[in-house]
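Engineer: Please find one structure pasted underneath; my questions will follow.
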Amino acid sequence: METLRDILDAAARGVFPPADGGTTVVPQTCHRDAGVLAFTAHSVVFTDEDPEWVRETLRGLDCDPLAATMNPVFLAALVTRTGRRSETIDAMLVTEPLPGEPQLALKEIEDADHPRIVYARRRRDDIRAWTTEGGVLVTGRGVGGRLEVSVEVDEDVRHRGLGRALVTAARHLTEEPLWAQVSPGNARSMRAFQAAGYRPVGAEAVLLAAAPRVPDGSAEDAGVTE
């Protein structure tokens, strides 16, 4: 049986599900993450709910079948069914590792109680984080066990290319495909990731297991805010 990780690994190589208008339903990789991945004319729903419930709910929607899995009505039904929470639909980007050391000077954070690490643990496993003057870079294993990256840029150093430098540096810190989730409305972030060699491969809506929300003023897991 094809797994979520199989699908993601293939997409990282440029091999996508068939563009047949269909929907593949696979089990969750872990309790934390359920949701939907939308590729060109094919969607993947990863959930431990009954696959027939997924298909019946999709059939009952009054919308373009190609858009059904990302339709707000379906996503709301999935949230209600699973008792989870969902924040946004993100663009899904991926890139390959780069050889050599990062050109940006980075210092790894050793403090496990650092606020950025504490926040990242809510969404990922095997967290690592680095700082540079004006920014933070974080990697960890998220949806399907894939390696994901996010960065933060301080307000007073934005618009200077640091976000792009950080996500480029991340490519030197891995030996496997590196994924990013970026809100399509965050055009600045999208441009930074694409300029650093990350390519969009689809969209995703991740439903997280219920957990306390991050207090106001805490770090947002939002890619680049440059």
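Engineer: Which ones in segment 109-121 are open to solvent by 30 Å² or more (accessible area, probe 1.4 Å) and not in a loop (DSSP other than H, G, I, E, B)?
Structural biologist: Scanning segment 109-121 gives PRO115, VAL118.
Engineer: With respect to the numbered conditions (1) surrounded by fewer than 16 Cβ atoms within 10 Å (Cβ to Cβ); (2) farther than 24 Å from ARG199 by Cβ, which one is the sole condition not fulfilled by THR131?
Structural biologist: (1)
Engineer: Could we say that SER218 is out of contact with any strand residue (DSSP E or B) (no Cβ under 9 Å at 6 or more places or on another chain) and modelled with pLDDT under 95 here?
Structural biologist: When the stated conditions are applied, SER218 passes them.
Engineer: Now a separate question. For segment 174-190, state whether one or more residues are assigned to a helix (DSSP H, G or I), at pLDDT 95 or above and hydroxyl-bearing (Ser, Thr, Tyr).
Structural biologist: The answer is no; no qualifying residue exists.
Residues checked against (1) touching a Gly at 6+ places or on another chain (Cβ under 7 Å); (2) closer than 23 Å to GLU176 by Cα; (3) of a type in the set (Ser, Thr, Tyr):
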position: ASP9; (1), (2), (3): no, yes, no
position: PRO17; (1), (2), (3): no, yes, no
position: THR24; (1), (2), (3): no, no, yes
position: ASP50; (1), (2), (3): no, no, no
position: MET70; (1), (2), (3): no, no, no
position: ALA76; (1), (2), (3): no, no, no
position: ARG85; (1), (2), (3): no, no, no
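Engineer: With the checklist (1) out of contact with any Ser or Thr (no Cβ under 7 Å at 6 or more places or on another chain); (2) over 18 Å from ILE89 (Cα atoms); (3) touching a residue at least 60 places away in the same chain (Cβ under 8 Å) in hand, flag the one item THR131 doesn't pass.
Structural biologist: It fails just one condition, (3).
Engineer: When you check ASP126 against the structure, is it open to solvent by 30 Å² or more (accessible area, probe 1.4 Å), at positive phi, without any contact (Cβ under 8 Å) to a residue 24 or more places away in the chain and not aromatic (Phe, Trp, Tyr), yes or no?
Structural biologist: So ASP126 passes the test.
Engineer: Turning to a different aspect of this structure: Restricting to segment 138-169, name every residue that is β-branched (Val, Ile, Thr), open to solvent by less than 40 Å² (accessible area, probe 1.4 Å) and within 13 Å of PHE193 (Cα to Cα).
Structural biologist: Once the filter is applied, which keeps residues that are β-branched (Val, Ile, Thr), open to solvent by less than 40 Å² (accessible area, probe 1.4 Å) and within 13 Å of PHE193 (Cα to Cα), segment 138-169 yields VAL149, VAL151, VAL167.
Engineer: Please go through (1) at negative phi; (2) at pLDDT 95 or above for GLU226 and return the number of the only condition it doesn't satisfy.
Structural biologist: Evaluating GLU226 over (1) at negative phi; (2) at pLDDT 95 or above leaves (2) as the failure.
Engineer: Filter segment 75-97 down to residues that are in contact with a helix residue (DSSP H, G or I) (Cβ under 6 Å, 6 or more places away or on another chain) and more than 25 Å from THR168 (Cα to Cα) and give me whichever is modelled with the highest pLDDT.
Structural biologist: This residue is ALA77.
Engineer: Okay, next question. Check THR168, THR174 and return the single one that is farther than 20 Å from VAL118 by Cα and touching a helix residue (DSSP H, G or I) at 6+ places or on another chain (Cβ under 9 Å).
Structural biologist: THR168
The values are calculated or read from the model by the stated rules, or taken from the named source; none is laboratory data. In this text the structure is predicted, and so the values were computed from the model without any measurement. Using ideal geometry, Cβ is built from the backbone for each residue, glycine included, and neighbour counts are taken over all protein chains shown. Ligands, DNA and RNA are stripped out before the accessible areas are found, and what is left, the full protein with its side chains, is counted by its heavy atoms. Shrake-Rupley method; radii C 1.70, N 1.55, O 1.52, S 1.80 Å.
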